[in-house]
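Right, one structure below, let's go through it.
Each reported figure results from applying straightforward, stated rules to the coordinates on display, with no laboratory input. Keep in mind that what you see is a predicted model, and the values were worked out from it rather than measured. Virtual Cβ from ideal backbone geometry, glycine too; neighbours counted across all protein chains shown.
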Amino acid sequence: MMKYTECEAEVVCVKDAGCRGDRSLFEAFKFLQIDTSCNKSKPPLATENEWCSRNALRKQRHWEKIIAARKNKRKKEKEKKKAKRSEVTGITFRHSKRFLKALTKERLLLAKDSGPKLCLDLSMTDHMTKKEISRLAGQIRRLYGSNKKAAKPFWLCLTSFIVNSPIYEECLRMNDGFSTYLMDMTEESYLELFPLEAIVYLTPDSEHALEDIDPQKVYILGGLVDESIQKKLTFQKAQENGLLTARLPIQEWMVKNVNAKNYHSEILAVNQVFDVLSTYYETQSWPEALKAGVPCGNGFVLSTTR
């Protein structure tokens, strides 16, 4: 049995029809010289875009516009952040991050030689819970961040900071780049590092209000959080070692604010105490410093009569 292609079958059918009917019809097809070849040649290879449908091309162009708009939006947001940062720091945004980092390092190292020193006494962390240690590590991070931004920074020191202790491990876990912080970290006590006459222990239980910040002094903060504070613990520790003590002048510049809970406390987190000290050292204004560091939740507001 003979097999025909589709085109050949049509010709056979025409021939058969000519045999059965009018043979002249078949002859007429010959003179028409119709090309019945099935080997239709494919068009030459085209580019990918030429083979794509109009709908696909339209979708592609639409997606490219979306990508371009997103890039433009991100660029504008970066420019806004740089402009805002320049307003806060007073440094034009054309400076690179490398330059700003070098400038911060220079200020901190200058404070090490000539600025006041602030030590965080971590000798009492053995009696703190894991939650309290975690909070203290967060406060240390915020304290360091505030000091980096300060125009006149302190030189910071963590004393009684035992390697592999819970507070040590928590600081490493919570603070990115903690091991590269520009500060002193030592297992020694502040009593072994500095002369006693140069030390001022800052405690809310002291009878003496801090009047000024002396660059020649070393100021000590007890590394405690609110839940761990025992009454007069830091004050008693300072007295045992014959140290000078001082408190922030909250009583002298602020008054108790009436509130529903009747809550008033002069106890601040270590980073809040530092914000007060740092602002005062830069502005020489206790009202401005206390406003910057004492939260409204502590129940005190600036006095309007002084």
For the stretch 100-197, alpha-carbon Rg and Dmax in angstrom:
13.7, 40
Provide the convex hull volume over Cα atoms per residue for the stretch 188-291, in Å³.
116 Å³
Report, by chain and number, residues whose modeled amide H sits under 5 Å from the one on N257, excluding near sequence neighbours (fewer than 5 apart, same chain).
F300, V301
Any idea which of A209, M183, I220 is furthest toward the positive side of the dipole for the stretch 167-269, if Lys and Arg beta-carbons carry +1 and Asp and Glu beta-carbons -1?
A209
Size of electric dipole in the stretch 123-221: Cβ of Lys, Arg +1 and of Asp, Glu -1, about Cα centre, debye, nearest 20:
680 debye
Checking the stretch 128-215 for GluC sites (Glu not before Pro) in a loop per DSSP with at most 14 other beta-carbon atoms within 10 Å yields E187, E188, E207, E211
Residues whose modelled amide H sits under 5 Å from the amide H of F161, counting only those 5 or more places away in sequence or on another chain, are T186, E187, E188
Based on the mean of other Cβ atoms within 10 Å per residue, sort peptides 113-119, 63-69, 279-285 so the most packed one is first.
113-119, 279-285, 63-69
